[in-house]
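Everything below concerns the one structure shown next.
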Amino acid sequence: MTQMTFARAINSGLRRSLDNDPKVVLMGEDIGALGGVFRVTDGLQKDFGKHRVVDTPLAESGIVGTAVGLAYRGYRPVVEIQFDGFVYPAFDQIVSQVAKMHYRSRGTVKMPITIRIPFGGGIGSPEHHSESPEAYFAHTAGLRVVTPASPQDAHTMIQQAISCDDPVVFFEPKRRYHDKGEVDESLDPNSAPPMGRASVVTDGSDVTLVAYGPLVKTARDAATAAADEGVSVEVIDLRSLAPVDFATVEASVRKTGRLVITHEAGQSNGLGAEVAASITERCFYHLEAAPVRVTGFDVPYPYSKVEMHHLPNLDRILDGVDRALGRPNSLSGLEG
Amino acid sequence: MVTDDAGQGGTAAGRDNKTGHQGGAGHSMVQLITPAGERVSHPEYDPWLKDVSDEQLCSLYEDLVVIRRIDKEATALQRQGELGLWPPLLGQEASQVGSVRALRDDDFIFPSYRENGVAYCRGVDLADILRVWRGAASGGWDPYTVNMAIPQIVIGAQTLHATGYAMGIQNDGADSAAIVYFGDGATSEGDVNEAMVFAASFQVPLVFFCQNNHWAISEPVRVQSHTQLVDRGTGFGIPSMRVDGNDVLAVMAATRVALDRARRGGGPTFIEAVTYRMGPHTTADDPTRYRDANELEDWAAKDPIGRVHALLDRKGLFTEEFETGVRTKADAVARELRAGCIGMPDPEPLDVFKHVYSTPNSWLDRQQDHYSRYLATFGDPEVATQEEGAR
């Protein structure tokens, strides 16, 4: 076990993938000498060369589109989109090409491409640097979408994503890049829990609280605070957003009877809606209350002086937990 | 012979009015067979055709004719309801045959949706060429058996794939190359421009083969570009050529020049093949709404097949026996195409779920399971798909 930051854990996972498979190539803007704007690829070009860690021209569609061609040739490209808000120029290549090529080619052409995207807010950045576009990709057939919430998961899941024969959009919670945790670098990604599986990170019995990415830490803190008030919250880290491991969530809700979902992305048509609907379909008669969503608002990501009003924090999550439990809360007395 | 546009023969006026005469003389256009079938010498390009014997010239002619026959048969199949849609390549035969026949087997092709002549020359199974247009699949063939990607309908998207593939060739240290086909309209797309940026920056072994057929559905090429399209390649620092796209030898020579550069580590080349889409954009299009019949006549006089016919005639090679042989071959291919189309098995209902992922997916597996149960409630699965319902 080694103490390391979230960013370093991804770096170490990338290094292992580069070491283990000569077909793995990294592509992106500023990922070479600079090591990426978040230093996630620090030192990799120096050690693996400019043909395996490629500084690309500033063209996101170009980065993803050339990755498709490399995959056609048998490579496993790992592309870095510098910030969430800059992925949209590549949207066509991701949605129409990366996601569909296996289907369109009747299974003859594999697209083992990993698209790394730092996402989420809370870092005081100007616009376009703090977005949560995961629902667009989770809604796209042919893609897998995952997001790790701990340094250990970051380390193993990036390796699992790279070795997956299907394309994976890999969201990295950027405000957790500097958080430290214990990482077992020797852990074989094949024997670690698969990236598609959700994880119960805090056991509880009164309410199931579903989170992913940057809000897993917030959700755990909320569970600790709730415990002080005598409420037992079970926290689930989804890890995979497409597909969602509903079996794990369902098992928890059958036990607690109450469901709260939290994410930074805006509420409408978000992941929370899918989780609420699917869990309601699967275990309606085990629910004691309607599922509750605690999310960002349906606004463009706001400027930094007000971003903390947009982002769910510990108290807003606890308020949601109170709603699920029918305890006094901010909406008490409101109907519907 | 090097000509400018005005020297291409025919009356230029109608063409210039409608489709534009972009940017003045600019690059000259390479032509080795005149529309009248005269083989004109060219010191720079002739060396690249030294091995083209009379026999090969005859074989090029056969491909041109067979492809036109395929196109005609497929159009008929569409009219008869056997295909949902077909994008005719009438008039572009020389651009397709001349370029694909310059390739080695280990070169890799990224086509748009109109390169059905390229697919034929590459050895793609005839039924596979029609599979997409019959709606029996989204991609017709296994790209790795012929080293040709499946058709690309998103305009220009494949140029980036070809560039990435060529980056892979470069990484592998191989001496093969990639070629990407696209049209005049595609040169306006961001992806094509980004592809040229990447290809030039990394000096990858790639041929950008632009068939300027003068029309992007109803939009003439002047809407796409204020300069000759070939200038776009030059602007990215990519060596660029402008050739008569209705001249199979000029196209072949230019493609060989480009491939040789690619194999020797000289990076990408841009070729503008100046040709003309004699038919509609697709069988769903009506070009009489937007273009003059005069223009069509001008280009008919520059037909890619007619001029090789005339050249073979001059050489005494166009015998009755040869002509009969080519026609017999074309008819046989057309029959095989038709039989392959009509005999193509329909996909199974649950094929709708197939190949979305290469690994199991819990969401999709559940949907497939539920839909299977639903289908099982019907005696005949086809009944389940009637829009008005069976209940």
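The values are calculated or read from the model by the stated rules, or taken from the named source; none is laboratory data. The model shown is predicted, which means the values in this text are computed figures rather than measured ones. Because the Cβ atoms are built from the backbone with ideal geometry, glycine has one as well, and the counts that use them run over all protein chains shown.
Checking the conditions here, which among A:G65, A:G74, A:G69 is at positive phi and not aromatic (F, W, Y)?
Exactly one residue qualifies, and that residue is A:G74.
Read through the list (1) surrounded by 10 or more Cβ atoms within 10 Å (Cβ to Cβ); (2) modelled with pLDDT under 95; (3) of a type outside the set (D, E, K, R); (4) over 29 Å from the mean Cα position of the chain (by Cα), then give the number of the only condition that B:G389 fails.
Status for B:G389: all satisfied but (1).
Just name the residue that is surrounded by the most Cβ atoms within 10 Å (Cβ to Cβ) out of those in segment A:200-210 that are free of Cβ contacts under 8 Å to residues at least 60 places away in the same chain and aliphatic (A, V, I, L, M).
The initial filter retains those residues of segment A:200-210 that are free of Cβ contacts under 8 Å to residues at least 60 places away in the same chain, namely A:200-205, A:208.
Those still in the list that are aliphatic (A, V, I, L, M) too: A:200-201.
Values: A:V200: 15, A:V201: 20.
That would be A:V201.
Can you tell me which residue in segment B:340-361 is nearest to B:A74 (Cα to Cα), limited to those that are touching a residue at least 40 places away in the same chain (Cβ under 8 Å) and in a helix (DSSP H, G or I)?
Here the residue is B:C341.
Would you mind stating whether B:V326 is of a type in the set (V, I, T), over 30 Å from the mean Cα position of the chain (by Cα) and either surrounded by 10 or more Cβ atoms within 10 Å (Cβ to Cβ) or outside any helix (DSSP H, G or I) (or both)?
Details: of a type in the set (V, I, T): yes; over 30 Å from the mean Cα position of the chain (by Cα): no; either surrounded by 10 or more Cβ atoms within 10 Å (Cβ to Cβ) or outside any helix (DSSP H, G or I) (or both): yes.
So B:V326 does not fit the description; no.
Among what's in segment B:159-197 and is among the β-branched types (V, I, T) and assigned to a strand (DSSP E or B), pick the residue that is nearest to the other protein chains (Cβ to nearest Cβ). Walk me through it before giving the result.
We begin by selecting, within segment B:159-197, every residue among the β-branched types (V, I, T); these are B:159, B:163, B:169, B:179-180, B:187, B:192, B:197.
In the following step, the residues that additionally are assigned to a strand (DSSP E or B) were identified as B:179-180.
On the way: B:I179: 12, B:V180: 9 Å.
That would be B:V180.
Would you say B:G266 is surrounded by fewer than 24 Cβ atoms within 10 Å (Cβ to Cβ), within 14 Å of another protein chain (Cβ to nearest Cβ) and at pLDDT 95 or above? Full working, then the answer.
Working: surrounded by fewer than 24 Cβ atoms within 10 Å (Cβ to Cβ): yes; within 14 Å of another protein chain (Cβ to nearest Cβ): no; at pLDDT 95 or above: yes.
So B:G266 fails the test.
Only one of A:S125, A:S105, A:S96 is more than 13 Å from every other protein chain (Cβ to nearest Cβ), more than 18 Å from the chain's Cα centre (by Cα) and surrounded by fewer than 24 Cβ atoms within 10 Å (Cβ to Cβ); which?
Numbers: A:S105 fails: more than 13 Å from every other protein chain (Cβ to nearest Cβ); A:S96 fails: more than 13 Å from every other protein chain (Cβ to nearest Cβ).
Unique residue meeting the criteria: A:S125.
From the list B:L364, B:L317, which one is surrounded by 12 or more Cβ atoms within 10 Å (Cβ to Cβ) and part of a helix (DSSP H, G or I)? Steps first, answer last, please.
Numbers: B:L317 fails: part of a helix (DSSP H, G or I).
Sole residue among the options that is surrounded by 12 or more Cβ atoms within 10 Å (Cβ to Cβ) and part of a helix (DSSP H, G or I): B:L364.
How many residues does segment B:102-124 hold that are within 14 Å of chain A (Cβ to nearest Cβ), among the β-branched types (V, I, T) and not in a loop (DSSP other than H, G, I, E, B)?
1
Quick one: which strands (runs of 3 or more DSSP E) lie wholly within segment A:229-306 and hold at least 1 residues that are within 14 Å of chain B (Cβ to nearest Cβ), in contact (Cβ under 8 Å) with a residue 40 or more places away in the chain and surrounded by 16 or more Cβ atoms within 10 Å (Cβ to Cβ)?
Details: elements: A:233-237, A:240-242, A:259-266, A:292-296.
By residue number, A:240-242.
Condition first: more than 10 Å from every other protein chain (Cβ to nearest Cβ) and on the phi > 0 side of the Ramachandran plot. Now tell me which residues in segment B:139-158 satisfy that. Lay out the reasoning, then the answer.
Taking segment B:139-158 as the starting set, the residues that turn out to be more than 10 Å from every other protein chain (Cβ to nearest Cβ) are B:146-148, B:155.
Listed by number, the list holds a single entry, B:N147.
Within segment B:382-389, can one find any residue that is in contact with a Lys or Arg (Cβ under 9 Å, 6 or more places away or on another chain), of a type in the set (D, E) and farther than 30 Å from B:L32 by Cα?
No, there is no match, as no residue in segment B:382-389 is in contact with a Lys or Arg (Cβ under 9 Å, 6 or more places away or on another chain), of a type in the set (D, E) and farther than 30 Å from B:L32 by Cα.
Tell me yes or no: at least one residue of segment A:84-93 is more than 10 Å from every other protein chain (Cβ to nearest Cβ), within 21 Å of A:K23 (Cα to Cα) and in contact (Cβ under 8 Å) with a residue 40 or more places away in the chain.
Within segment A:84-93 (the criterion being more than 10 Å from every other protein chain (Cβ to nearest Cβ), within 21 Å of A:K23 (Cα to Cα) and in contact (Cβ under 8 Å) with a residue 40 or more places away in the chain), the answer is no, since none of the residues qualifies.
Hey, could you check segment A:128-137 for residues that are out of contact with any Leu (no Cβ under 8 Å at 6 or more places or on another chain) and at negative phi and say which is nearest to the other protein chains (Cβ to nearest Cβ)? So that I can check it myself, show each step before the final result.
Within segment A:128-137, the first condition is being out of contact with any Leu (no Cβ under 8 Å at 6 or more places or on another chain), and the residues that meet it are A:128-133, A:136.
From the residues that got through so far, the ones that are at negative phi too are A:129-133, A:136.
Values: A:H129: 22, A:S130: 25, A:E131: 21, A:S132: 21, A:P133: 19, A:Y136: 16 Å.
Here the answer is A:Y136.
Among the residues of segment A:180-191, count how many are surrounded by fewer than 24 Cβ atoms within 10 Å (Cβ to Cβ) and in a strand (DSSP E or B). Steps first, please.
Narrowing segment A:180-191 to residues surrounded by fewer than 24 Cβ atoms within 10 Å (Cβ to Cβ): A:180-182, A:184-191.
Among the residues that remain, those that are also in a strand (DSSP E or B) are: A:180-182.
Within segment A:180-191, residues that are surrounded by fewer than 24 Cβ atoms within 10 Å (Cβ to Cβ) and in a strand (DSSP E or B) number 3.
For B:E219, state whether it is surrounded by fewer than 24 Cβ atoms within 10 Å (Cβ to Cβ), among the acidic types (D, E) and either touching an Asp or Glu at 6+ places or on another chain (Cβ under 7 Å) or without any contact (Cβ under 8 Å) to a residue 40 or more places away in the chain (or both). Quick ask: steps written out before the conclusion?
Numbers: surrounded by fewer than 24 Cβ atoms within 10 Å (Cβ to Cβ): yes; among the acidic types (D, E): yes; either touching an Asp or Glu at 6+ places or on another chain (Cβ under 7 Å) or without any contact (Cβ under 8 Å) to a residue 40 or more places away in the chain (or both): yes.
Criteria met by B:E219.
Residues checked against (1) small (G, A, S); (2) surrounded by 24 or more Cβ atoms within 10 Å (Cβ to Cβ); (3) outside the structural domain of A:R116 (by TED's automatic domain parsing):
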| site | (1), (2), (3) |
| --- | --- |
| A:P148 | no, yes, no |
| A:T156 | no, yes, no |
| A:P167 | no, yes, no |
| A:F171 | no, yes, no |
| A:H178 | no, no, no |
| A:P193 | no, no, yes |
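Just checking, does segment A:308-315 include any residue being loosely packed, with under 14 Cβ neighbours inside 10 Å and without any contact (Cβ under 8 Å) to a residue 24 or more places away in the chain?
Going through segment A:308-315, the residues loosely packed, with under 14 Cβ neighbours inside 10 Å turn out to be A:308-309, A:315.
In the following step, the residues that additionally are without any contact (Cβ under 8 Å) to a residue 24 or more places away in the chain were identified as A:309, A:315.
The answer is yes; a qualifying residue exists.
Just to be sure, is B:E336 acidic (D, E), touching a helix residue (DSSP H, G or I) at 6+ places or on another chain (Cβ under 8 Å) and surrounded by 13 or more Cβ atoms within 10 Å (Cβ to Cβ)?
yes
Residues in segment B:271-318 that are of a type in the set (S, T, N, Q) and under 21 Å from B:L85 (Cα atoms): how many?
Step one: list which residues in segment B:271-318 are of a type in the set (S, T, N, Q), which gives B:275, B:282-283, B:288, B:294.
Still in the list and also under 21 Å from B:L85 (Cα atoms): B:282-283, B:288.
Residues in segment B:271-318 being of a type in the set (S, T, N, Q) and under 21 Å from B:L85 (Cα atoms): 3 in total.
Might you let me know whether segment B:87-101 holds any residue that is more than 14 Å from the chain's Cα centre (by Cα), assigned by TED's automatic domain parsing to the domain that holds B:Q158 and part of a helix (DSSP H, G or I)? Give the steps one after another, and end with the answer.
So the first thing to find is which residues in segment B:87-101 are more than 14 Å from the chain's Cα centre (by Cα), and the list is none.
No.
Collect the residues in segment B:339-361 that are surrounded by 13 or more Cβ atoms within 10 Å (Cβ to Cβ) and away from chain A (no Cβ under 14 Å), keeping them in residue-number order.
B:G340, B:C341, B:I342, B:P349
Taking the condition more than 30 Å from B:D351 (Cα to Cα), in the same structural domain as A:P167 (by TED's automatic domain parsing) and either over 19 Å from the mean Cα position of the chain (by Cα) or surrounded by fewer than 19 Cβ atoms within 10 Å (Cβ to Cβ) (or both), does A:L14 pass? Steps first, answer last, please.
Numbers: more than 30 Å from B:D351 (Cα to Cα): yes; in the same structural domain as A:P167 (by TED's automatic domain parsing): yes; either over 19 Å from the mean Cα position of the chain (by Cα) or surrounded by fewer than 19 Cβ atoms within 10 Å (Cβ to Cβ) (or both): no.
Answer is no for this residue.
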